Each structure stands twice: as structure tokens, then as C-alpha cells.
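Asks: Mind having a look at this structure? Questions to follow.
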Amino acid sequence: MKTKALEGSTLLRVVVVGTDPLGNGGVASVLHIYQQGGLDKRVDCRFLVTHRDGSGRSKLLVFIKALTRLFMWLWEGHGEILHIHTSSRVSFYRKSVVALLGRLWGRKIILHVHSGEFMQFYHKECGSFAKAYVRLVFSLAHVTIVLANQWVPCLKEIVPENRLRVLHNPILLPPTPPDPTNRNQNRLLFLGRMGVKKGLWDLLEVMARLVPGHVDLVLHIGGDGDVDAVRARIQALELTRHVQLEGWLRGPEKLNLMRSASIYLLPSYYEGLPMGVLEAMSWGMAVVASRVGGVEDAIPHASMGLCIQPGNLDQLEAALRSLLENPPLRRSMGLAARRHVESTFSCEIILDQLLTIYRECFEGSAKR
């Protein structure tokens, strides 16, 4: 079915497809910022929630309701563009159904890939049939968005380069970063899903090395995941006094840590473009992160943050020590990080770039 013409409106009709913007995780954060940043004032925008945290049964019901709603919107002429946010594994297969339906109804399709593990999923977890299906789904997309320049060479294997676009994650900037001199130099912060892939085990090992010389050091861990295993590891390393599990942080509790922590840590093994890193930088915090995924787009120079090789505990320890023992370096790094995020990742800048992608997709300038 052909897309209905705009009736009395010059705004593009876009359906943004993804997880619940009020849920947990980086994709939810991006979608929430789209909402808060006013995407609906730039396009005729509807958000289609295909996933919420919960039981398997509740997730299935959410998806079925989303498909029903999508049919109604397509029938009514909405969704000239389906902007589909996907990760890997189950997320990809779920969103592929939306992409297939959209193409059957003659809509323009944008696949927005967030997973830092997507190529691992494709190469190591997909058999020949699954790989063919992945390539088919991407062949149906008019545009594929990746989060950072580092992902273009990877996705070129399954997506023609002339249909690839780079769009960084957006950040809503705090009005003014806090005075660096008011930060607690012994307070460290980690945000994300607790587990091996985020490098949390490595971080705990390095904490055990550091606390004998920094007896007031405290690492605050905000997130979900394998909480029991993390708690057991903390006890085994005798770090109970030095590590606090905060759960998934929101609201005043999160703001308090963003204002008061001195160093943000993400020694991850896989990333797309981590929202926690961008958020910490926007608050003028010094950052130590692994050189994976789009982290180098976030931290292109050592003056803005310290990058390490994933799994290298000695590098992680050295980076942390250098910041703990050099307050002027922490302060200058935090200020440089804030300037970089403000000039490159602010919501207004990213939404301008997204609208350009929407227009060229709708007008057909993204060659097929």
C-alpha cells in the first residue's frame, strides 16, 4: 500500500520503534532524550513501544499490542518512515518483523543499530540461514544508522556503504557542570548492566589493588544484572566497605552521584556508544573507559578522558591512579570533556542531523 499524502501538514510522519523510553538501558535513554528534546515538534512523531522489561509472557503481549497498533497507524497513513531502533539477538528478530511489515506497506525503513555486539552476534551466533535472514532485513532498509565512525567498516560487510549513516547518541546537557573542586575525590561511579561484558569483574579486581593505598575510596555501582554474583565477588575481595550497589539509578539519587563523583568508569568489552560515558562527560566528570565501539568518538583525545584496552587490568589501574593522585588533571579533563560533548553530542545538534537523515531517506537520496 502506498503512503498517503500529507494532509494539511508539511511535517514528515515518523514512527519511532523501540523499547520503552522509560525503561532501563542505553536505547531507552536515547529514546527518552528524543522525547525530552522535542523530536515531536520537528516531525509528526509517534513512539511505538515493542518491548518492556518483565516476564516472557508480558514481553510477548507488549509486542503483539505494538503490532496491532502499527497496523492501525499504517492503515491511517502514519509512518511514512519507520525509524527502528534495534540491538542484536532477540531484539533484532523482533524488530525485523516491524521492518518486513513496513516494507510490505511501502514505507521507508531506517534501521538504527545500537548493539556493540552486533557483528559478534552475526559471525559467531548466526548459522547460514540466520545470516541470510540478517542480510535480507538490512537489504530492505533504505538507511542503516550506526552510532560511531568505528562501526562503518564493520557493517559494510552486510550493508552497502551508500546506505550507512553515522548518528551519535544525543545528550541533554546539564545547565552548568558542578564546580570540580566540590567533587568527592574518593567517589567513583559505574553505571550499566552488572556482568563480565561491562568489565565489572576487572574493575573490582583493580579496586582490590587500590584500596590499601586509598582507604576512603568508594565505588558506586548503579545498574541491574547479576547482582548476587557481583555481591559475592565483592565479599570475596573484601571490598564490602568500598563498593556500594545502588540498583538502577534515577532522579535525585543519580543526579547526586553525577554531581559528586570524581571519576566515571566503564572498562567494557563491547559497546555501541555508551550513554553513561557521554552523560558523565556532560557533567564535567573525568572518565576512564575501554577503547571499544564508539568510545573513541566520545573520547578522541587524552585531554578529554583516558582510554584503555579491554581486559588490561594494569592499564586500568594506572589510569585510575593517575587521576586519583592528580586533582588538576581530573578537573581539566572534566572541563574538556564537557566542551566536547556540548559541541558534538548535544540533543539539538543530533536531532538536526537526524532530520537530515529523515529527509534524504524520504526523498530517496539514500541510494538503494
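The values are calculated or read from the model by the stated rules, or taken from the named source; none is laboratory data. Quantities reported herein were computed from a predicted structural model and do not represent experimental measurements. All Cβ positions, glycine included, derive from the backbone under ideal geometry; neighbour counts span all protein chains shown. Accessible surface areas use protein heavy atoms only, side chains included; no ligands, DNA or RNA. Shrake-Rupley method; radii C 1.70, N 1.55, O 1.52, S 1.80 Å.
Asks: Do we find a residue being in contact with a helix residue (DSSP H, G or I) (Cβ under 9 Å, 6 or more places away or on another chain), open to solvent by 60 Å² or more (accessible area, probe 1.4 Å), farther than 23 Å from residue 165 by Cα and among the hydrophobic types (A, V, I, L, M, F, W, C) anywhere in region 52-64?
Replies: No, that holds for no residue.
Asks: Go through 91, 96 for me and flag whichever is assigned to a helix (DSSP H, G or I), open to solvent by less than 30 Å² (accessible area, probe 1.4 Å) and within 18 Å of residue 25 (Cβ to Cβ).
Replies: After ruling out the rest, the residue left standing is 91.
Asks: Can you name the residue in region 320-342 that is open to solvent by less than 20 Å² (accessible area, probe 1.4 Å) and among the hydrophobic types (A, V, I, L, M, F, W, C) and, of all such residues, is nearest to the chain's Cα centre (by Cα)?
Replies: Looking at residues that are open to solvent by less than 20 Å² (accessible area, probe 1.4 Å) and among the hydrophobic types (A, V, I, L, M, F, W, C), I get 341.
Asks: Is it the case that some residue within region 113-136 is out of contact with any Ser or Thr (no Cβ under 9 Å at 6 or more places or on another chain), over 20 Å from residue 298 (Cβ atoms) and aliphatic (A, V, I, L, M)?
Replies: yes
Asks: Taking the criterion of being of a type in the set (Lys, Arg), out of contact with any helix residue (DSSP H, G or I) (no Cβ under 7 Å at 6 or more places or on another chain) and in a helix (DSSP H, G or I), would at least one residue in region 4-24 satisfy it?
Replies: no
Asks: Hey, can you tell me all the residues within region 320-338 that are without any contact (Cβ under 8 Å) to a residue 24 or more places away in the chain and either basic (Lys, Arg) or assigned to a helix (DSSP H, G or I) (or both)?
Replies: Hits for region 320-338 are 322, 328.
Asks: Which residue is farthest from residue 254 (Cα to Cα), if the candidates are limited to region 26-83 and must be part of a strand (DSSP E or B) and charged (D, E, K, R)?
Replies: 44
Asks: Something else: Step by step: first the residues of region 146-159, then only those that are touching a residue at least 60 places away in the same chain (Cβ under 8 Å) and more than 13 Å from the chain's Cα centre (by Cα), then the one that is surrounded by the most Cβ atoms within 10 Å (Cβ to Cβ). Which residue is that?
Replies: 151
Asks: Additional query: I'd like to know if region 226-245 contains one or more residues that are under 21 Å from residue 330 (Cβ atoms) and among the small types (Gly, Ala, Ser).
Replies: No, the conditions are met nowhere in region 226-245.
Asks: Restricting attention to helices (runs of 4 or more DSSP H) lying wholly within region 216-319, give those where 1 or more residues are of a type in the set (Asp, Glu), without any contact (Cβ under 8 Å) to a residue 60 or more places away in the chain and surrounded by fewer than 16 Cβ atoms within 10 Å (Cβ to Cβ).
Replies: Passing ranges, in order: 227-236, 251-260.
Asks: Determine, yes or no, whether residue 163 is of a type outside the set (Gly, Ala, Ser), open to solvent by less than 30 Å² (accessible area, probe 1.4 Å) and farther than 30 Å from residue 208 by Cβ.
Replies: yes
Asks: Now a separate question. Only residues in region 121-137 that are surrounded by 11 or more Cβ atoms within 10 Å (Cβ to Cβ) count as the first member; pair them with residues that are among the acidic types (Asp, Glu) and in a loop (DSSP other than H, G, I, E, B), Cβ under 6 angstrom, at least 6 apart or cross-chain, and list the lot.
Replies: Listed by first residue and then by second, the contacts come to nothing, as the list is empty.
Asks: Which of the following residues is open to solvent by less than 20 Å² (accessible area, probe 1.4 Å), closer than 22 Å to residue 25 by Cβ and in contact with a Phe, Trp or Tyr (Cβ under 8 Å, 6 or more places away or on another chain): 74, 39, 111?
Replies: The unique qualifying residue is 111.
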